[in-house]
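The values are calculated or read from the model by the stated rules, or taken from the named source; none is laboratory data. Because the structure is a prediction, the values reported are computed rather than measured. Cβ placement follows ideal geometry from the backbone for every residue including glycine, while neighbour counts extend to all protein chains displayed.
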Amino acid sequence: MAEKNTLIFVGYGSMAKAIACGIYNSNLKSKYHLEIAGRDSKKAQHFIDCNHLGDIAKIYQSCCEINVDQKIVILCLKPYALGNFKYIGNANSVYSVMAGVGIQTLKQHIHSGGYAKLMPNVGARYQKSSTAVFVEGDIKQEAQEILSSFGSAVFVDSESLVDASIATGGSSPAFLALVAQAIIDAGVREGLRRDDALKLVRATFEGFASLMNEQTPDEIISSITSPGGTTVEGLYVLEDRAVRGAFIQACHEAVAKSKK
Ligand SMILES: NC(=O)c1ccc[n+]([C@@H]2O[C@H](COP(=O)([O-])OP(=O)(O)OC[C@H]3O[C@@H](n4cnc5c(N)ncnc54)[C@H](OP(=O)(O)O)[C@@H]3O)[C@@H](O)[C@H]2O)c1
């Protein structure tokens, strides 16, 4: 049997949880040993226990010096905490989810054969992250395998496009939540009870997710917009109020803010 590789998580917060659980619930479980490192070994042990990772994960005991030699390193720290650890040895590969931390900065801290900068989103909690990733070095296949365990990965051509994906994945769930709120309020305005409106809108989003997997937005709009019908009246109001432009500008501002 092939020897298992070691995948070391630095950090044990919500992103680490999403990725570790994705690996645990996929066929990668048999391929990797997980080590959980961080500044508090009690928290690392709690992370293993409460996520039921005990059969593949153990805590990494030393808190400040982390042996990364030949390991796959998953950095799930707050960006300012990267320099609080000393990374010893040559890693196989380094994956960073830290917003605003570039590969040049990673290189100053950790020696590795390959680097990946990724931007997952909140869907990772359900193994449904929309993740943009940029890789440097010969690790694309490995990256594809690891990232697929917690959602969909899109490989982009530069680090700046990972930051650009704040528009399509990072911040956009909040914008969609605002749309959901508005449609629920609309239902209430038309006389529905609020809890009924919430249930109906949840089901609408679920159905919409399936439609989006098979059709483009143009096709979805065409399929429910009959000539002179009800939907086109609503679309006219949204276009007249420049809602499309407002969304594009909102996403632009979110990306711009990440660079400040
Ligand atoms: N959550 C998301 O949806 C999302 C999406 C994309 C990218 N990210 C990025 O993912 C990274 C982690 O986010 P998260 O949501 O997992 O955060 P989180 O749940 O708050 O976890 C943060 C981790 O960083 C550690 N940490 C914080 N300050 C530290 C310090 N001074 N020294 C050592 N360790 C420290 C924490 O350990 P202690 O508990 O011991 O402090 C914890 O392990 C961030 O860089 C964020 O930009 C998150």
Task: strands (runs of 3 or more DSSP E) lying entirely in the range 83-141 (those with 2 or more residues that are away from the ligand (no atom under 12 Å from the Cβ) and hydrophobic (A, V, I, L, M, F, W, C)) - done: 129-136
Task: Every residue from the range 26-71 that is in a strand (DSSP E or B) and closer than 22 Å to Glu3 by Cα - done: Tyr32, His33, Leu34, Glu35, Ile36, Ala37, Ala57, Lys58, Ile59, Ile66, Asn67
Open item on the list: One residue is enough: does the range 46-54 have a residue meeting the conditions more than 26 Å from His111 (Cβ to Cβ), touching a Ser or Thr at 6+ places or on another chain (Cβ under 8 Å) and in contact (Cβ under 8 Å) with a residue 24 or more places away in the chain?
Closed with: no
TODO: Please go through the range 149-188 and pick out each residue that is in a loop (DSSP other than H, G, I, E, B) and touching a Gly at 6+ places or on another chain (Cβ under 7 Å).
DONE: Ser149, Phe150
TODO: Among the residues of the range 58-80, write down those that are at pLDDT 95 or above and over 21 Å from Leu34 (Cα atoms).
DONE: none
Task: Failed criterion for His52 (all others in (1) within 19 Å of Met98 (Cβ to Cβ); (2) in contact with a helix residue (DSSP H, G or I) (Cβ under 9 Å, 6 or more places away or on another chain); (3) away from the ligand (no atom under 16 Å from the Cβ) hold) - done: (1)
Open item on the list: So if I check each of Lys58, Lys42, Lys31, which one is within 14 Å of the ligand (Cβ to nearest atom) and over 21 Å from the mean Cα position of the chain (by Cα)?
Closed with: Lys42
Open item on the list: One residue is enough: does the range 132-153 have a residue meeting the conditions crowded, with 16+ Cβ neighbours inside 10 Å, within 19 Å of Ala254 (Cα to Cα) and at pLDDT 95 or above?
Closed with: yes
